[in-house]
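Engineer: Sharing a structure here in C-alpha cells format.
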Amino acid sequence: MAFPAGFLWGAATASFQIEGATTADGRGVSIWDTFSATPGKTLNGDTGDPATDHYYRYADDIALMKRLGLGAYRFSIAWPRIQPDGKGKINQAGIDFYDRLVDTLLENGIEPWPTLYHWDLPQPLEDDGGWPARDTASRFADYAAVVYAALGDRITNWATLNEPWCSAFLGYALGAHAPGRQEPASSVAAVHHLLLGHGLAARVMREHAAQSGYELNLGLVHNQTVVRPHTDAHADVEAARRIDGLRNRLFTGPLLHGAYPEDVVADLAGITDFSFVRDGDLHEINQVGKLDMLGINFYNPSWVAGSAEGIPASALEDGENSHGGPTPWVGAEDVVFVHHGFPQTAMGWEIDATGLSDVLLRLAEEAPGLPLYVTENGAAFDDEVDQNDGAVHDTERVSYLNTHLRAAHSVIESGVPLHGYFAWSLMDNFEWAWGYSKRFGIVHVDYETQQRTVKDSGWWYSEVIRSGGIPDTSDIPGRP
C-alpha cells in the first residue's frame, strides 16, 4: 500500500510538553507555568519542568529522529523564550536555542516545521486580558515578525496557531487548560482574536518573505473532527449541527470563506453579539491570512444526542458532558456526547479511523486544491517497558497508526491532496492537565532517568517511512 513519491513523513511535539528548562536563559513565564503550578489544576501537580529535558537533549533527540528516518519534525516555538513579557525586549538566548535546533535538524536531513503558538502564552499578556483582548492579536504578529526574521532564511513551512479551538474553549470556557478561565463570552472573543492574530502574523511574514526572497508556505493547524448524530432523530441531527458549528465551522468559516457561519452566530446569540469583529477583520483572516496549506490534527470522531433520555449512563462520555458545570460547548450545554462501542484509548477516546477519512474528504470538497497535512495523529495507551527484553510492545498503538494511515491512503486514492503525515507524538511528554500520566509517544521516556526507548510503534513507523508504504499487519517489524 504505497504512498505517493514525495509524501512527507514526520513526527510532532510542542515546546511546553518537552523542553523543560522553564527558567533557563531568560525564558519568561507562560500561562501553562502559572496554571500547572496552581494546586489542583494538573494531575499529581505535575508541571512542565523538566518535561523530557529536550532543551538540553535536543541533539540526541534529533539523532534519534534521523535513526527513525523522519523527513520532517514539527515542533513549536515557546513565545516566552523569545519575548519574556510577550512584547518589547527580545531574548537572544531564546532565539539562539531555536537557531541551534533548526541548524541541527537541517544537518541531519530533517525538514523543520515550526508552529508559532502551541498554547504557551506569556503570562504578562494574559494579565493584560489574554486572547479575549484584541491587543493580543497584534502582539502575536510582532512576535511572529521577530521569529520569522531570525529563522525564515532556513525554513519554508510554517504554522501560525495550533488548535485554536483548544486555546479558546478549553482555556477560557471550560477552564481545564491554561489560563483556567470559565467565561463563555470571552471564549468566543478569544476565537476571533486567535484567528485575527493568524491573519496579522501572515501579513508581516509574507511581507518579510517578499522583501528577502524567501519561500514561504504558511498554514494553520486545526483539530477538525467529524461530529455524527447518535440517531437520525431530528434532535440528534440538530445537536450534531450545533457541535459541528462550534468545533469546526466557527474556524473554517472565516479561514476558508471569510465569514462566520450564520447559524453558529445565531446559536451563540445568548452568549455574545460578536461586536468584537471590526471592519476589515475577516479580510485579514481570509485574504491576508489565506492558507497555503492546512494542518489537521485528528484523534477521534464524536457522536452526539439532543438529550440523555433513553441513553444508558455507561454510554455517556463523562469527559465531554457538562452535567450542569462548565463546558467548552458554549451555547450547546444541553447536547450530550455518546460512546458508540468502539475500542478506546487511555484517554477514553473511541478509535474509528473512518473519522479521519471523513474529515479529509470534507475539507477537500470545501477547499478544492488546498494542500492538506495530517499534522497530529496518535493515541495514548498505558505503555510499559518489558522487563524481559527492555522493549515497549505497544501493539494497540501500532494498530491505531496502521488503521489511520490506511484511511489516509484511501483518501489520497480518491483524489484528496494530502501531502504528509506527522505522528503524535515523537516521545512521551507532559500531557497538559493529565501531567505525565498519559503516554502518546512512539518513543518511551523514563521520566526519572530521561532514557529514551523506541517503542514497537516507532520501529513500525520507521519501516513505513523506509518503504514508503504500509506493511502487512502480519509482518510488522520489531526492533532492529
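Engineer: Kirkwood Rh and Cα-based Rg: tell me the resulting Rg over Rh for region 117-256, rounded to two decimals.
Structural biologist: 1.05
Engineer: If you plug each phi of region 223-230 into the Karplus form 6.51 cos²θ - 1.76 cosθ + 1.60 with θ = phi - 60°, what whole-Hz ³J(HN,Hα) values come out, in order, with x for Gly and Pro?
Structural biologist: Along region 223-230, the couplings run 8, 5, 9, 9, 10, 10, x, 4 Hz.
Engineer: While we're here: If one puts a single equal scatterer on every Cα of region 236-301 and applies the Debye formula without solvent, what log₁₀ I(q)/I(0) results at q = 0.14, 0.19, 0.27 Å⁻¹?
Structural biologist: Once normalised to I(0) and log-transformed, intensities are -0.49, -0.84, -1.22.
Engineer: Let me ask something additional. If the cut-off is 29 Å between C-alpha atoms, which lysines fall inside it for LYS66, apart from same-chain ones fewer than 8 positions away?
Structural biologist: Correct list for LYS66: LYS438, LYS455.
Engineer: Could you go through region 83-97 in sequence order and give the Karplus-derived ³J(HN,Hα) for each residue, using 6.51 cos²θ - 1.76 cosθ + 1.60 with θ = phi - 60°, rounded to whole Hz, and x for Gly and Pro?
Structural biologist: After applying 6.51 cos²θ - 1.76 cosθ + 1.60, I find 10, x, 9, x, 6, x, 3, 9, 8, 4, 4, x, 4, 4, 4 Hz.
Engineer: I would also like to ask the following. Using only Cα atoms, locate the centre of region 64-106 and the centre of region 2-52, then give the distance between them in Å, rounded to an integer.
Structural biologist: Going from one Cα centre to the other spans 12 Å.
Engineer: Next question. Given THR252, THR327, ALA308, which one lies farthest toward the positive end of the charge dipole of region 228-386, if we put +1 on the Cβ of every Lys and Arg and -1 on the Cβ of every Asp and Glu?
Structural biologist: Of the candidates, THR252 comes out farthest on the positive side.
Engineer: Here's a follow-up. Does region 271-429 classify as rounded, prolate or oblate by the C-alpha gyration tensor (a ≥ b ≥ c root eigenvalues; a/c under 1.5 gives rounded; else a/b over b/c gives prolate, otherwise oblate)?
Structural biologist: Judged from the Cα gyration tensor, region 271-429 comes out oblate (a/c at least 1.5, b/c at or above a/b).
Engineer: Moving to a separate point now. With a 1.4 Å probe and all protein chains left in place, how much accessible area per residue does the chain have, in Å²?
Structural biologist: Per-residue value: 36 Å².
Engineer: Using modelled backbone amide H atoms (1.01 Å from N, in-plane), which distant-in-sequence or interchain residues come within less than 5 Å of MET347's amide H?
Structural biologist: Amide H neighbours of MET347: ALA380.
Engineer: In the chain, how does Rg compare with the Kirkwood Rh, expressed as the Rg/Rh ratio over alpha carbon atoms?
Structural biologist: Ratio of gyration radius to Kirkwood radius for the chain: 0.94.
Engineer: Hey, another quick one. Carbon-plus-sulfur fraction of the accessible area of region 1-83, 1.4 Å probe, in percent?
Structural biologist: 53
Engineer: Moving to a separate point now. First compute the accessible area of region 388-480 with a 1.4 Å probe, then give the percent of it belonging to carbon and sulfur atoms.
Structural biologist: That share works out to 44 percent.
Engineer: Same structure again: Mind listing the phi-derived Karplus ³J(HN,Hα) values for region 156-161, rounded to whole Hz, using 6.51, -1.76 and 1.60 with θ = phi - 60°, and x for any glycine or proline?
Structural biologist: Computed from phi, the couplings for region 156-161 are 9, 9, 10, 10, 7, 10 Hz.
Engineer: Carbon and sulfur atoms: what percent of the 1.4 Å accessible area of region 146-296 do they account for?
Structural biologist: Using a 1.4 Å probe with all protein chains present, region 146-296 comes out at 50 percent carbon and sulfur.
Engineer: Here's a follow-up. Taking amide H atoms as placed 1.01 Å from N in the peptide plane, list the residues 5 or more away in sequence, or in a different chain, whose amide H sits under 5 Å from that of GLU183.
Structural biologist: Distant-sequence amide H within range of GLU183: ALA173.
Engineer: Collect residues whose amide H, placed 1.01 Å from N in the peptide plane, falls under 5 Å from the amide H of VAL454; neighbours closer than 5 in sequence don't count.
Structural biologist: Answer set, sorted by chain and number: HIS444.
The values are calculated or read from the model by the stated rules, or taken from the named source; none is laboratory data. Owing to the predicted nature of the structure, the values given are computational and were not obtained by experimental measurement. Virtual Cβ from ideal backbone geometry, glycine too; neighbours counted across all protein chains shown. The area values use the complete protein model at the heavy-atom level, side chains included, leaving out ligands, DNA and RNA. Shrake-Rupley method; radii C 1.70, N 1.55, O 1.52, S 1.80 Å.
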